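First the structure, in the form of structure tokens, and then the observations on it.
Every number here is computed from the coordinates shown, using simple stated rules; none is lab data. Since we're looking at a predicted model, the values are computed, not measured. Neighbour counts run over all protein chains shown; Cβ positions are idealised from the backbone, glycine included.
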Amino acid sequence: MHPDSPRTTWIEVSRAALTNNLHQLRARLRGRTQLMAIVKANAYGHGATLVARTLQQAGADAFGVATLGEAIELRQAGINEPILVLGYTPAQQAEDALANRITITVFERTTALEFDRRARSIGARLAVHVKVNTGMNRLGVLPDAAPALVDALFGLHNLQVQGIFTHFATSDEADKGFAEEQFARFSSVLDILSGVGLRPPIAHAANSAALLTMPHTHLDLVRSGIALYGLDPDMNECPLPRGFMPALRWKAIVAQVANLTAGDTVSYGREFTAPHLMRVAVLPIGYADGFPRRPFHWQSVLIRGMAAPIVGRVCMDQCIVDITAIEHATGIVPQGEEVVLIGSQGKTSLSAETVSVRLGTNNYDVVSRILPRVPRVYMVK
Ligand SMILES: Cc1ncc(COP(=O)(O)O)c(C=O)c1O
């Protein structure tokens with residue numbers, strides 16, 4: 001068990017990998033392009049405050065999160081760099097945003113007016129970035145309406161229009177056609193604004209995939225999440241180049257080992273029946289840790305560098321794996337033996353990407369769903 005972990009399952013986060021990945025990204029940017037580290041969703045499951053502190057030391061210029069609550073958590077942890085809330089912040093949260101010097105995203109006039117009014121009533125200025133919807137059709141003002149909105153925002157004296165941004169839907173695909181279309185729409189908004197002297201100082205569009213594969217989209221700032229964690233923007237169409245390192249390893253220890261005889265069944269619903277004499281290990285991980293039960297589960301974990309297949313249903317806090325072949329090859333597996341759920345063991349590795357294929361999802365989903373009750377342990381290496 002890891003000495004710093006209060007539980008028998010834990011995540012190891014490598015500070016060296018995070019720092020290395022930030023340097024890898026920085027090396028691809030022009031000197032004046034800033035790097036915003038995206039640390040929403042508990043830093044994609046890696047643990048927001050400690051990841052942000054590591055990236056702060058490594059030279060991140062700014063941080064991006066999804067909610068005001070996430071932003072305040074970082075401020076309270078001593079992150080002094082600009083923090084942008086990328087998602088929707090309702091006007092009722094203006095006072096909290098101001099008190100914590102958080103930058104918020106605006107995309108329509110009514111909320112912006114209310115933000116301005118609330119900022120004025122306490123004699124403060126709220127920093128905002130304008131979000132333009134160039135084709136993702138998620139949050140944002142349409143390109144045609146963007147210049148008028150920016151014009152109106154510059155007229156609100158208690159708002160400080162620091163930035164303008166858009167987000168790509170397909171920059172992680174091999175075909176960059178739609179991403180280029182989005183970039184062209186965004187660029188024409190910027191041109192119109194520049195023409196009338198209203199271009200906000202910080203324009204940004206690129207996520208990790210665009211940072212790596214569309215250098216002309218870097219503009220004043222790039223917003224990188226997945227690549228900082230050493231994970232592929234897309235495992236097939238946009239794998240990370242050499243030099244990046246996955247920052248997260250998920251481990252556990254064996255809670256109990258047992259014999260099953262032919263006909264014995266395992267776990268709720270008795271879905272698995274031992275076909276012959278077997279050896280199984282009980283692991284202290286379950287779906288309430290982010291180790292899913294349905295519709296697909298992890299399939300196997302690593303013990304002594306070999307695959308230990310899950311047998312029977314994954315429970316809330318525990319699951320059971322078949323160690324018959326492992327013991328046959330390597331000898332008795334004792335209680336306390338180390339298990340790897342994500343990471344490498346000996347010469348074998350089980351990546352978040354491999355797990356994502358098994359779960360029918362992507363690597364973002366695999367790591368960001370690991371729940372907070374799994375302790376995060378920060379390692380130098
Ligand atoms: C608005 C926005 N910008 C940037 C990012 C970072 O993207 P990535 O993790 O692919 O670098 C995200 C994450 O999904 C996002 O929602």
Checked the stretch 32-229 with the C-alpha gyration tensor, a ≥ b ≥ c its square-rooted eigenvalues, rounded below a/c of 1.5, otherwise prolate if a/b is larger than b/c and oblate if not; verdict oblate
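About its Cα centre, how strong a charge dipole does the stretch 32-229 have in debye, to the nearest 20, once Lys and Arg get +1 and Asp and Glu get -1 at the Cβ?
460
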Long-range tail of P(r) for the chain (Cα pairs > 35 Å, %): 34
Quick check: net charge around residue 205, other residues with Cβ under 12 Å of its Cβ, Lys/Arg +1 and Asp/Glu -1? +1
Of 77, 66, 308, which is the most mobile in a GNM of the chain whose springs link Cα atoms less than 10 angstrom apart? 77
Would you work out if the stretch 70-126 is rounded, prolate or oblate? Take a ≥ b ≥ c from the square roots of the eigenvalues of the alpha-carbon gyration tensor; rounded if a/c is under 1.5, else prolate when a/b is larger than b/c, oblate otherwise. oblate
How much of the DSSP bridge set in the chain is antiparallel, in percent, rounded to the nearest 5? 50
Residue 328/residue 294 FRET efficiency (R0 30 Å; Cβ-Cβ; nearest 0.05): 0.50
Size of the stretch 148-235 along its principal axes in angstrom, Cα-based, largest extent first? 45, 26, 17
Using each residue's phi in the stretch 303-320, evaluate 6.51 cos²θ - 1.76 cosθ + 1.60 at θ = phi - 60° and report the 3J(HN,Hα) Karplus result to the nearest Hz, with x for Gly and Pro. 10, 6, x, 10, 6, 10, x, 6, 10, x, 6, 6, 9, 5, 10, 8, 8, 10
Amide hydrogen neighbours beyond the local backbone of residue 290, cut-off 5 Å, H modeled: 371
Mean projected area, convex hull of alpha-carbon positions in the stretch 305-376, reported to one decimal in nm², is 5.8
What 222 nm value per residue comes from the helices of the chain, counting each DSSP H run with n ≥ 4 as -39,500 (n - 2.57) and dividing by all residues, nearest 500 deg cm²/dmol? -8500 deg cm²/dmol
Report the local net charge at residue 278: Lys and Arg +1, Asp and Glu -1, summed over other residues whose C-beta lies under 9 Å from its C-beta. -1
Size of the dipole of the stretch 248-379 about the Cα centre, Lys and Arg at +1 and Asp and Glu at -1 on the beta carbon, nothing else charged, in debye to 20? 240
Taking a straight Cα-to-Cα line shorter than 26 Å from residue 131, and setting aside same-chain lysines fewer than 8 residues away, one finds 40, 176
Short version: what are the Cα gyration tensor semi-axes of the stretch 1-70, square root of 5 times each eigenvalue, largest first, in whole Å? 25, 16, 8
Would you report the distance distribution of C-alpha pairs in the stretch 248-379 as whole percents per 5 angstrom bin, up to the bin with the largest distance? 2, 10, 21, 24, 21, 13, 6, 2, 0
Please give the helix 109-121 orientation as an angle from the longest Cα principal axis of the chain, in degrees from 0 to 90, rounded to the nearest 10. 80
If amide H atoms are modeled at 1.01 Å from N in the peptide plane, then the residues at a separation of 5 or more from residue 199, or on another chain, having amide H under 5 Å from its own are 194
Radius 15 Å from Cβ of residue 359, net charge of other residues (Lys, Arg +1; Asp, Glu -1): +1
Give me the extension gain from residue 347 to residue 88: residue separation times 0.36 nm, minus the current Cα-Cα distance, reported in nm with one decimal. 88.8 nm
Dipole moment magnitude, nearest 20 debye, the chain about Cα centre, only Lys, Arg, Asp, Glu C-beta charged: 640
Against the longest alpha carbon principal axis of the chain, how many degrees, from 0 to 90 and to the nearest 10, is the axis of helix 15-26 turned? 40
At 0.36 nm per residue, minus the direct Cα-Cα distance, what do residue 16 and residue 66 gain on full extension? Give it in nm, one decimal, please. 15.5 nm
Which trypsin sites (Lys or Arg not before Pro) from the stretch 145-243 combine a DSSP loop assignment with at most 14 other Cβ atoms within 10 Å? 242
Show the residues, 5+ positions off or on another chain, whose built amide H is closer than 5 Å to the amide H of residue 361. none
